[in-house]
1. With respect to D208, is the statement that it is of a type in the set (D, E) and at pLDDT below 90 true?
2. Enumerate the pairs (first residue in region 162-174 and under 16 Å from R94 (Cα atoms); second residue anywhere and modelled with pLDDT under 90) with beta-carbon separation below 6 Å, excluding pairs fewer than 6 apart on the same chain, so at least 6 apart or on different chains.
3. In the list E265, E233, which residue meets the criterion of being modelled with pLDDT under 90, among the acidic types (D, E) and out of contact with any Ser or Thr (no Cβ under 7 Å at 6 or more places or on another chain)?
4. Six or more apart or on different chains, Cβ under 6 Å: which pairs go from a residue in region 7-35 that's of a type in the set (D, E) to one that's part of a loop (DSSP other than H, G, I, E, B) and surrounded by 15 or more Cβ atoms within 10 Å (Cβ to Cβ)? Could you list them?
5. Out of everything in region 256-290 that is part of a helix (DSSP H, G or I) and of a type outside the set (S, T, Y), what residue ends up being nearest to L231 (Cα to Cα)?
6. Is it the case that region 123-141 has a residue that's over 23 Å from L230 (Cβ atoms) and of a type outside the set (S, T, N, Q)?
Amino acid sequence: MILVVSDNLSKWSKVNAGSFISMNVWERSHIEEWVRTTPEVLGEQLLIVSTEFDRFVGSDDRLDILAIDRQGNLVVVELKRDTTAGHADLQAIRYAAMVSAMTVDKLLPYYMTYRKKHDAEELTPDQARAEITEFVERDDFEELTNRPRIILCSEDFSQEITTSVLWLRQFDVDISCVRITPYQVGAQVVVVPNRIIPLQEARQYLIDIQKKEDNQVSANRPRRTKTMRLLVEQGLVKAGQRIFLKNDLPSYMTYDPNDPTYHAEITGKLGQSDSVKWDKDGQEYSISNLAWQIFRDLHPQKKAPGGVNGNWHWVDENGTSLWSLSFGSSGQSDSILSPI
């Protein structure tokens, strides 16, 4: 049940949950598109890399949505509009197993095809790799993990599904359930998401544990330097330096020199999530995550963008993008620099 309150707050009414079937909502043409364009409905930021993925050897199955999370894990998203699909968990496990050997190199063509189809962007392999790398918030990100996560998303879940999911989680299978409940409010359908397994508090604990394990595994692994870290370490940018969001902006945005939304400064810090401080709220962000958030918030429908390489969109006082700055004034990559 949700409570709908009038403009003057003097009247309210209860609206009971409906069903996608009664509202003529379909799994592929409606729910999949909603999740694809607004993946936060699943409770986190995800980079969608493919939909209706069917490149499985010896199988004609189609994976609804394939994504990457902020920790560099592949995420298999299986969508169902009702509780009748009793084998959704098994189906998703099969998909996760089949993509577990996926590498970034193997993923790039599918991501490039996805961006061309849905965003009309013709990415080169280097650009596609940069978008993926900048989206992941791990400084040591080199390669996809071999343990994909699973998210089941449905109007509701049968007891056999939730029991199976809880049992699988005891064996360190990262599988979650997100319930999406539809309500008919006037002429509109209102969808309310709720992650029921695991609870948000437990999820944060698992993220922290994974970070600890990743740090232990990668302690002695050579790291590919990310663009912002490289710029700071090479003295190409300095703490307190002003930067501006104005290069190659989406069509619905126009740079405004008087709007703090488009202004930030370099912090000089070398962490992934504290490299820039945003003028609008004074908080620190990853440069790509900040650009991603601004693009989403300013979109007329709050649509989440695809991959965003913030170093390409943010420029210095001379109008040079940080991405270009990392290659030097000659435009040729120096041997010490990495485009990532």
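1. Yes.
2. Pairs found: S164/D89.
3. That would be E233, the only listed residue that is modelled with pLDDT under 90, among the acidic types (D, E) and out of contact with any Ser or Thr (no Cβ under 7 Å at 6 or more places or on another chain).
4. The qualifying pairs are E27/R81.
5. I287
6. no
The values are calculated or read from the model by the stated rules, or taken from the named source; none is laboratory data. Computed from a predicted structure; not experimentally measured. Every residue, glycine among them, receives a Cβ derived from its backbone with ideal geometry; neighbour counts consider all protein chains shown.
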